[in-house]
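Notes to accompany the following structure.
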Amino acid sequence: MKNRIKKLLTIAAACGLTVAMMGCGDTSTDSNADQKNSQAESQATDDNSSDANITGKVTMAGSTSMEKLCGALQETFMAKYPGITVTAEFTGSGAGLESLAAGSVDIGNASRALKDEEKANGSVENIVAIDGIAVVVDTANTVTDLTTEQLANIYTGTITNWSEVGGADQNIVVVGREAGSGTRGAFEELLEIEDACAYAQELDSTGGVLASVAATPGAIGYVSLDVVDSTVTAVSLNGVAATEENIIAGNYVLSRPFVMATMGEISQQSEAVQKFFEFIQSDEGKEVIKAVGLIIPE
Amino acid sequence: MRKGETIAKYIFLVCAVVAILAVFSITGYMIYKGTPALGSVGVTELLFGTEWAPTAKDPSYGIFYIILTSIVGTAAALLIGVPIGVLTAVFIAEVAPKPLAAVVQPAVELLAAIPSVIYGLLGKMILNPLMYKLELLIFADSTTHKYTGGANLLSAILVLAIMTLPTIINITTSSIKAVPASMKSASLAVGATRIQTIFKVIIPAAKSGIMTGVVLGVGRALGEAMAINMVAGGAVNIPLPFNSVRFLTTQVVSEMAYSSGVHRQVLFTVGLVLFVFIMIINLLLAKLKKKGEVEA
């Protein structure tokens, strides 16, 4: 009898615990969010007591590749300026600029430079960040430089042996990212080999690509420039090394600007939009851009 | 006392309701999310199409090779796992001296407790390089082979085979142990050798238990994602041993993050296909169990 009650209590306690844990999960995120908010508020009051009072809306549409950047900027910006709502749609660079031209959004996002005809209607190209992609091989590989044509041929499967590009007689193992990955999209777009790649391995993370290239003799892969480490060798393209300086100078092929285009100069925009750009150019904004693996333009 | 009984009854009821609700809501949700793509892409094109290019300008969403990979991979893993598993179970239950069995069985149980990501990690770091060496040997003269660096179907099959072992061994061991001692004694008494007794009497008598283990092994292999995602290469190809392949599970795992629109819908359909497979396995299991009860 006593035993039974004990058991019963244990079961009840277990159930209670589960519920409590579930509850805990919820409350902890809540309190996290609260903390963030209050932090942001206190920061806001520190910086400028009027920041929190600015109300308004920033709408943007465009490049899917900029989703991560926009998400990060949105989050930190809205925490700092609780009165401003930032909304973003990811419809593609071209569509974003069209929406801007049509006046339906404040900012048109494009993961490429604006074309002349797009600038002709008054759109202004504001480069907020630069995306750089490094091509990496395993450290034992003797090839240190590739031309863009060679690189494209390797990825489309025309070149299958390193000896064809001046390396050892070794097969090339082509490593890349999964369909839908922004890095893959940018890489294929910049080399103009969209949907023509013959991958040996399609991995779903930057770390996976790095690990695979490091461990496989003869492998080649591409990753965001900021994650390249000593386990792999980054090859130069057309004789230009994959460095931040070269990318900022515009000499390195595998890079693209992330543009937040506005209709007219930034100074002609609404207060909310101006604050948004002010935030992007602040140290805090730059931290956010760096945190998502992008390069700050000069 | 009475009050305690009533409270207990309701606690049990609530717990049961949670489980049942989960099953129904998951089933409902998978059908709700998984069927739209069948309509927008077309059933034949989706299920029997062989080209997977979801982000192309003119996208195609054929998952036939992916379905085939899951079936071939699971079948091959079982082909390796079942004989090893059943013979190990015989060893533990019948052949091994007690002290040895006392070491082997916990070791097998430990195998089951190892997280799948560990299998994946070891597979990537040890199995893939070995496979690459094998690949270089076998295809030394081939000019058309696409080198995978060892991340291929064969690696995935080996990892899956090892991962299904504990399930098969544990269930088979207990079903062999459940064979009445009188049957064994009778067989030995009429002059059958020990090996004859094992293969002609004990294993047939434990058949339904062994089948249950096999079916559960199929379920485990079919549903595994993490480990094979790390060793199988992940390009969508026809499932040949040295091809980089993608399974139903790894398809969802690797592309869900950045997918959108129809691409995302199709991933739900992939999930639904997997779900249907698992349901079939479970129905089979229920039938086997019923049959086992009738026999017993």
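Some notes on this structure:
- Protection proxy ranking of B:7-19, B:104-116, A:210-222, by the mean of other Cβ atoms within 10 Å over each peptide's residues and highest first, is A:210-222, B:104-116, B:7-19.
- Ordering A:216, A:185, A:72 by Cα displacement along the dipole of the protein assembly as shown toward the positive end leaves A:216 in first place; charges were set at the Cβ atoms of Lys, Arg (+1) and Asp, Glu (-1).
- Shielded by partner chains, region B:125-158 residues - at least 50 Å² of accessible area, 1.4 Å probe, vs chain alone: B:132, B:146, B:147
- Debye intensity ratio in log₁₀ form over the Cα atoms of chain B, taken at each q of 0.16 Å⁻¹: -1.25
- Computed over region B:63-295: relative contact order in percent, which uses C-alpha pairs under 8 Å that are six or more apart: 30
- Span from the region B:94-114 Cα centroid across to the region A:191-231 one, whole angstrom: 41
- In chain B, the calculated helix contribution to ellipticity at 222 nm averages -23000 deg cm²/dmol per residue, counting -39,500 (n - 2.57) for every DSSP H run with n ≥ 4.
- Those residues of region B:249-264 for which accessible area with every protein chain present is at least 30 Å² below the isolated value (1.4 Å probe): B:254, B:255, B:258
- Spatial separation of Cα centroids for region A:53-67 and region B:128-158, in angstrom: 47
- As a fraction of the 1.4 Å probe accessible area of chain B, surface on carbon and sulfur atoms comes out at 73 percent.
- Summed buried accessible surface, chains B and A, 1.4 Å probe, nearest 100 Å²: 2500
- Peptide B:229-236, shielding by other chains (average Cβ, 10 Å cutoff): 6
- Using alpha-carbon coordinates, inclination of helix B:128-138 to the longest axis of chain B, degrees: 80
- Per-peptide average of other Cβ atoms within 10 Å, ordering A:104-112, B:251-259, A:259-267 highest first: A:104-112, B:251-259, A:259-267
- Rounded, prolate or oblate (a/c below 1.5 giving rounded, otherwise prolate when a/b exceeds b/c) for region A:131-255 by Cα gyration tensor: rounded
- Its Cα centre serving as origin, region B:63-295 has a Cβ charge dipole (Lys and Arg +1, Asp and Glu -1) of approximately 480 debye.
- Using R0 = 45 Å, the C-beta based FRET efficiency linking residue B:31 and residue B:133 works out to 0.50.
- Chain lengthening between residue B:141 and residue B:279 when straightened (0.36 nm per residue, less Cα-Cα): 45.2 nm
- Computed from the C-beta positions of residue B:95 and residue A:229 and an R0 of 45 Å, the FRET efficiency is 0.30 to the nearest 0.05.
- The alpha-carbon of residue A:290 sits under 26 angstrom from the alpha-carbons of these lysines, leaving out residues fewer than 8 places away in its chain: A:36, A:57, A:68, A:80, A:275.
- Per-pair calculated FRET efficiency, R0 = 45 Å: residue A:53 and residue A:248 via Cβ, rounded to 0.05: 0.75
- Net charge of neighbours whose Cβ lies under 10 Å from the Cβ of residue A:222, counting Lys and Arg as +1 and Asp and Glu as -1: +1
- Maximal additional length on extending the residue A:281-residue A:104 stretch stands at 61.3 nm, based on 0.36 nm per residue less the C-alpha distance.
- Fully extended contour minus Cα-Cα distance, from residue B:75 to residue B:183, at 0.36 nm per residue: 35.6 nm
- Taken per residue, the accessible surface of chain B reaches 51 Å², heavy atoms only and a 1.4 Å probe.
- Average other protein chain Cβ within 10 Å of Cβ, residues A:191-199: 3
- Solvent-accessible area of region A:54-106 (1.4 angstrom probe, protein heavy atoms only): carbon and sulfur portion equals 48 percent.
- Computed about its Cα centre, the charge dipole of region B:130-249 is approximately 460 debye, with only Lys, Arg, Asp and Glu carrying charge at their Cβ.
- Exercise: per-residue mean of other protein chain Cβ atoms within 10 Å, A:169-182: 6
- When the protein assembly as shown is described by a simple charge dipole with +1 on each Lys and Arg Cβ and -1 on each Asp and Glu Cβ, the residue from B:192, A:137, B:25 located farthest towards its positive end is B:192.
- The relative contact order of region A:50-185, computed from alpha carbon pairs under 8 Å that lie at least 6 residues apart in sequence, is 20 percent.
- Cα lying deepest toward the dipole's positive end in region B:63-295, options B:153, B:284, B:244, charges on Cβ: B:284
- Among B:183, B:211, B:131, the largest mean-square fluctuation in a Gaussian network model of chain B, built with springs joining Cα atoms closer than 10 Å, belongs to B:183.
- Burial order of peptide ranges A:133-142, A:154-163, A:175-184 (average beta-carbon count within 10 Å, highest first): A:175-184, A:133-142, A:154-163
The values are calculated or read from the model by the stated rules, or taken from the named source; none is laboratory data. Quick caveat, the model's predicted, so the values are computed rather than measured. Every residue, glycine among them, receives a Cβ derived from its backbone with ideal geometry; neighbour counts consider all protein chains shown. The accessibility values were calculated without ligands, DNA or RNA, using every heavy atom of the protein model including side chains. Shrake-Rupley method; radii C 1.70, N 1.55, O 1.52, S 1.80 Å.
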